[in-house]
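As structure tokens, the structure follows; a few thoughts come after it.
Every read-out reported here was derived from the displayed coordinates using simple, explicitly stated rules and does not represent laboratory data. Quick caveat, the model's predicted, so the values are computed rather than measured. All Cβ positions, glycine included, derive from the backbone under ideal geometry; neighbour counts span all protein chains shown.
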Amino acid sequence: MKIFIDTANLDMIREIDGWGVLDGVTTNPSLIAKENTDVRTRVKEIAGIVDVPISAEAMAPDAPGMIREGRELASIHENINVKLPMCVEALKAVKVLSGEGIDVNMTLIFTPQQALLAAKAGARYVSPFIGRLDDIGADGTEALGQVLAVLSNYGFETEVIAASIRGPMHVFEAAAMGCDIATIPYNVLQQMVSHPKTDEGIQNFIKDYEKSKKT
Ligand code: E4P
């Protein structure tokens, strides 16, 4: 499974790239706002430090605006793909942008039916939001499984990005189902590294190593 980081923070992106596990970056307007910058400036900066796909969200309300904004965002760097929120206007825009060779990440996907439409329209990625479904008492992991089952029936090239990940268990569930990509927040990536028995084992080995040096 490819690992994307779900952040617009440059230090976090650099850090995870340094781990040798980074396959992509996703941003959204809320993540960009947290960094007190604007999308164009920040995705250009990200493209300057890592050589992986980067999602930048277009915010226009209609298809012509999405197409215009999508072209503009994609022209910033060849690694930039355009995130569009699932709706009729976005479907129209995906058709045009994908026809021009611009990758689209259809975001805010909550059902397999939405994913099917996005894939048919030509989306390069679809992003089902697991955590936000769990938040309302639904089963986000089940919905992700349904998206994967439907798309894999028909051989779409569209890759599924497990999004709105809230913890290591979501990552495991996505990977166990063979999801193509998970976009993971920095704190969850850190949680994935640790285990109390690993930390305890390291401390014990250090202690015994120091002891053995003295003998
Ligand atoms: C995906 O690309 C989104 O940026 C993200 O996963 C949303 O997650 P949230 O529900 O934690 O805001």
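A Förster distance of 45 Å, applied to the separation of the beta-carbon atoms of ASN187 and LYS95, puts the FRET efficiency at 0.75. When the charge dipole of the chain is built from unit charges on Cβ atoms (+1 for Lys and Arg, -1 for Asp and Glu) and taken about the Cα centre, the candidate among GLY65, ALA90, PRO185 whose Cα reaches farthest toward its positive end is PRO185.
Please tell me the relative contact order of the chain in percent, rounded to the nearest whole number, where contacts are Cα pairs under 8 Å and at least six residues apart. Averaging sequence separation for qualifying contacts and normalising by length gives 17 percent for the chain. When the convex hull of its Cα atoms is viewed from all sides, region 1-104 shows a mean projected area of 6.4 nm².
Give me the percent of Cα-Cα pairs in the chain that sit more than 28 Å apart, rounded to a whole number. The answer is 31 percent, as a whole percent. Compared with the alpha-carbon gap, the fully stretched path from GLN113 to MET1 is longer by 38.0 nm at 0.36 nm per residue.
Inter-label distance, ASN204 to LYS120: 5.8 nm, where each label sits 7 Å from its Cα along the C-beta direction.
Each helix, a run of at least 4 DSSP H residues, gives -39500 (n - 2.57); summed and divided by the residues of the chain, these come to -16000 deg cm²/dmol at 222 nm.
For the pair region 83-157 / region 1-59, the C-alpha centres are spaced 20 Å from each other.
Computed from point charges on the beta carbon alone (+1 for Lys and Arg, -1 for Asp and Glu), the dipole magnitude for region 154-215 about its Cα centre is near 560 Debye. Each semi-axis of the equivalent ellipsoid for region 23-78 is √(5λ) with λ an eigenvalue of the Cα gyration tensor; in descending order they amount to 19, 14, 9 Å.
Looking at the P(r) of region 95-208, how many percent of alpha-carbon pairs lie beyond 20 Å?
47 percent
Taking the Cα centre of the chain as reference, the dipole from Cβ charges on Lys and Arg (+1) and Asp and Glu (-1) amounts to some 200 debye.
The simple Förster model, with R0 at 45 Å and r as the Cβ-Cβ distance, assigns LYS213 and PHE172 a FRET efficiency of 0.70.
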